[in-house]
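Visitor: Pasting a structure here, questions to come.
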Amino acid sequence: MANHVLAGIMGLCVADALGVPVEFMDRETLKRNPVTGMRSYGTYHQPAGTWSDDTSMTLCLVESLTKGLDYHDIMKGFLKWLDEAAYTSHGQVFDVGNTTRQALRRFSRGIPSLECGGTTERDNGNGSLMRILPIVFYLRSVYGTDFCEIDEALEIIHNVSALTHAHKRSQIACGIYVSVASMLIDATDLGISVETGIHKAIEYYRNHPGFSDELHHYERLTRKDFDKLDETEIRSSGYVVDTLEAAIWCLLKTRSFKDCVLTAVNLGEDTDTVAAVAGGLAGLYYGYESIPNDWLSVIAKRDYVESLCNQLHASFRGR
Ligand SMILES: [Mg+2]
């Protein structure tokens with residue numbers, strides 16, 4: 001069995017690290033001096049290969065899922081990251097979103113895990129989308145490859161999002177992303193897999209009142225010519241809809257892991273998260289071997305990150 005956990009998570013981690021030094025930089029500036037590989041310092045003054053909250057929170061989920069699905073345990077991991085800098089590159093938390101911080105403060109005050117996440121329209125940053133990927137491996141191990149038609153499986157995706165981001169729009173983004181990610185595993189045709197993944201998720205939401213009201217925000221993703229949109233029509237902000245669109249657009253526009261994540265970083269603004277979200281998908285489709293070795297070799301705590309991936313991969317065989 002190929003290790004898809006390693007491919008997806010390392011794809012996300014490497015892309016996050018590529019984006020960290022240029023986070024918040026605008027597109028025009030990056031056009032003049034595009035990112036072509038791992039840079040040092042920049043926005044957060046970190047050495048090359050430093051990954052951020054996107055990877056840290058993803059690793060919390062990876063580690064927790066090795067023991068099964070336990071929302072309280074996932075939240076305990078998130079809090080350990082925020083308060084004790086566990087799961088970090090260099091023992092420092094330098095990047096945390098407001099909605100995530102508020103949810104974790106509620107959790108530390110004793111609020112139940114599934115009631116901590118932000119529920120207002122303003123709580124639709126990309127903070128749950130950036131860390132949702134590991135749930136695809138869990139769902140495939142429990143429900144098989146067709147989990148997108150199973151209510152219980154979708155509810156799990158929504159709950160994992162809701163730990164920090166409980167608004168329906170964020171939950172739908174996670175649902176679409178996980179559906180696409182699952183289709184990309186063992187896929188042959190990139191375009192067909194992405195389209196099918198989007199379609200399956202949208203079908204589900206269309207038939208579920210409460211979600212269907214939010215669906216118009218994702219209308220562009222359902223267009224046949226979505227990948228033909230000009231770069232000027234793609235926004236790479238921290239808004240969850242923008243991030244999901246940008247990540248999928250980068251994947252469809254390019255033909256290698258390297259080109260996909262560099263395209264994502266060079267869109268500017270929320271560089272690390274747009275790249276991380278794209279990189280998870282690209283890692284799954286192109287495989288671990290497609291990730292440039294000179295990028296992997298500088299990843300902070302690479303052995304630790306990869307061993308967590310391997311543990312999750314191994315845990316599925318034991319069930
Ligand atoms: Mg980040």
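The values are calculated or read from the model by the stated rules, or taken from the named source; none is laboratory data. What you see is a predicted model, and the numbers here were worked out from it, not measured in a lab. Because the Cβ atoms are built from the backbone with ideal geometry, glycine has one as well, and the counts that use them run over all protein chains shown.
Visitor: Given the conditions (1) over 15 Å from residue 180 (Cβ atoms); (2) within 16 Å of the ligand (Cβ to nearest atom), which single one is not true for residue 280?
Guide: The number of the failed condition is (1).
Visitor: Oh, and also: Output the number of the condition that residue 188 fails; it satisfies all remaining conditions of (1) in a helix (DSSP H, G or I); (2) free of Cβ contacts under 8 Å to residues at least 12 places away in the same chain.
Guide: With (1) in a helix (DSSP H, G or I); (2) free of Cβ contacts under 8 Å to residues at least 12 places away in the same chain applied to residue 188, the lone miss is (1).
Visitor: Please go through region 145-185 and give me each residue that is over 16 Å from residue 211 (Cα atoms), modelled with pLDDT of 95 or more and not in a helix (DSSP H, G or I), ordered by number.
Guide: Selection gives 163, 164, 185.
Visitor: Check every one of the helices (runs of 4 or more DSSP H) wholly within region 231-319 and list those with 2 or more residues that are in contact with a Cys (Cβ under 8 Å, 6 or more places away or on another chain).
Guide: On the way: elements: 240-253, 257-265, 271-286, 293-296, 302-317.
The helices (runs of 4 or more DSSP H) meeting that bar are 240-253, 257-265, 271-286.
Visitor: I'd like to know if region 128-138 contains one or more residues that are in contact with a strand residue (DSSP E or B) (Cβ under 9 Å, 6 or more places away or on another chain) and within 16 Å of the ligand (Cβ to nearest atom). Before you say what the answer is, go through the steps one by one.
Guide: So in region 128-138, the residues in contact with a strand residue (DSSP E or B) (Cβ under 9 Å, 6 or more places away or on another chain) come out as 128-129.
Keeping just the survivors that are within 16 Å of the ligand (Cβ to nearest atom) gives 128-129.
Scanning region 128-138 turns up at least one residue that is in contact with a strand residue (DSSP E or B) (Cβ under 9 Å, 6 or more places away or on another chain) and within 16 Å of the ligand (Cβ to nearest atom).
Visitor: Would you pick out the residues in region 126-144 that are in a loop (DSSP other than H, G, I, E, B) and touching a helix residue (DSSP H, G or I) at 6+ places or on another chain (Cβ under 8 Å)? Show your work before the answer.
Guide: Of region 126-144, the ones in a loop (DSSP other than H, G, I, E, B) are 126-128, 132-133, 144.
Result: 126, 127, 128, 132, 133.
Visitor: Any residue in region 106-128 that's farther than 13 Å from residue 162 by Cβ: show its pairings with residues that are among the aromatic types (Phe, Trp, Tyr) at Cβ separation under 9 Å, as long as the two are six or more apart or on different chains.
Guide: Correct list of pairs: 125/239; 126/239.
Visitor: Considering region 128-156 alone, what residues qualify as being of a type in the set (Asp, Glu) and closer than 27 Å to residue 81 by Cβ? Before you say what the answer is, go through the steps one by one.
Guide: Initial filter on region 128-156 (of a type in the set (Asp, Glu)): 146, 149, 151-152, 155.
The one that is of a type in the set (Asp, Glu) and closer than 27 Å to residue 81 by Cβ: 155.
Visitor: In the set 203, 152, which member is away from the ligand (no atom under 16 Å from the Cβ) and farther than 28 Å from residue 59 by Cβ?
Guide: Values: 152 fails: farther than 28 Å from residue 59 by Cβ.
Sole residue among the options that is away from the ligand (no atom under 16 Å from the Cβ) and farther than 28 Å from residue 59 by Cβ: 203.
Visitor: Those residues that are within 20 Å of residue 182 (Cβ to Cβ) and surrounded by fewer than 11 Cβ atoms within 10 Å (Cβ to Cβ), I need them from region 207-236; list them, please.
Guide: Result: 207, single match.
Visitor: OK, next. Pairs under 9 Å by beta carbon, first residue charged (D, E, K, R) in region 151-178, partner crowded, with 24+ Cβ neighbours inside 10 Å and assigned to a helix (DSSP H, G or I), six or more apart or different chains?
Guide: Sorted first by the residue in region 151-178, then by its partner, the pairs are 169/240.
Visitor: Take residue 87 and decide whether it is crowded, with 20+ Cβ neighbours inside 10 Å and either more than 22 Å from residue 274 (Cα to Cα) or of a type outside the set (Val, Ile, Thr) (or both).
Guide: The answer is yes for residue 87.
Visitor: Do we find a residue being within 12 Å of residue 131 (Cβ to Cβ) and under 21 Å from the mean Cα position of the chain (by Cα) anywhere in region 18-27? Talk me through it step by step, then tell me what you get.
Guide: To start, the set of residues in region 18-27 that are within 12 Å of residue 131 (Cβ to Cβ) comprises none.
The answer is no; no qualifying residue exists.
Matching residues to (1) at pLDDT 95 or above; (2) away from the ligand (no atom under 16 Å from the Cβ); (3) in contact with a helix residue (DSSP H, G or I) (Cβ under 6 Å, 6 or more places away or on another chain):
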site: 251; (1), (2), (3): yes, yes, yes
site: 269; (1), (2), (3): yes, no, no
site: 274; (1), (2), (3): yes, no, yes
site: 293; (1), (2), (3): yes, yes, no
site: 297; (1), (2), (3): yes, yes, no
site: 300; (1), (2), (3): yes, no, no
